[in-house]
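The values are calculated or read from the model by the stated rules, or taken from the named source; none is laboratory data. What you see is a predicted model, and the numbers here were worked out from it, not measured in a lab. Every residue, glycine as well, gets a Cβ built from its backbone with ideal geometry; the counts of neighbours run over all protein chains shown.
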Amino acid sequence: MSQENVRRTAQAILDALDSPEAELSLLIVDDRRIAELNRQYLQREGPTNVIAFPMREGETSQPPTPLLGDVVISAETAQREAFEADMDVSLRFAQLLVHGILHLFGYDHESGGAEALEMDARSHELLNRIGDRVQDLTD
């Protein structure tokens, strides 16, 4: 998974969200580091797959500034989840990248219900739109 392929995939997601000029930072870490961030910022124990730190709060409309926030993905958890689901690691990584970016746009699934369904539907739509880029992650 090259840095350039990840950058292109993130850009494809932003393009599909009609925000080609938006900016974000992406940090790929191990389980130990994401567990530290999870505890420090979310008061949750253990590693997780993705954490998003939005720079803005509120509606899912266009951001007022190009900086959306930060997405942190655990490569170890992504690999483990891909193995457990018998899926390609690139697909799992792309799913997590989409998920994190949607959080930066204000989507939320924590409360469940309609918001979770909306985020899930948007995730599937974006993954279908960037499908050709997902394969590029392992090239």
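Could you list, in sequence order, the residues of segment 67-82 that are closer than 23 Å to residue 56 by Cα and aliphatic (A, V, I, L, M)?
Those that are closer than 23 Å to residue 56 by Cα and aliphatic (A, V, I, L, M): 67, 68, 71, 72, 73.
Scanning segment 125-139 for residues that are closer than 12 Å to residue 91 by Cα and surrounded by fewer than 17 Cβ atoms within 10 Å (Cβ to Cβ), which turns out modelled with the highest pLDDT?
Here the residue is 128.
Residue under question is residue 29, and the condition is that it be more than 11 Å from residue 97 (Cα to Cα), among the aliphatic types (A, V, I, L, M) and free of Cβ contacts under 8 Å to residues at least 60 places away in the same chain; does it hold?
Answer is yes for this residue.
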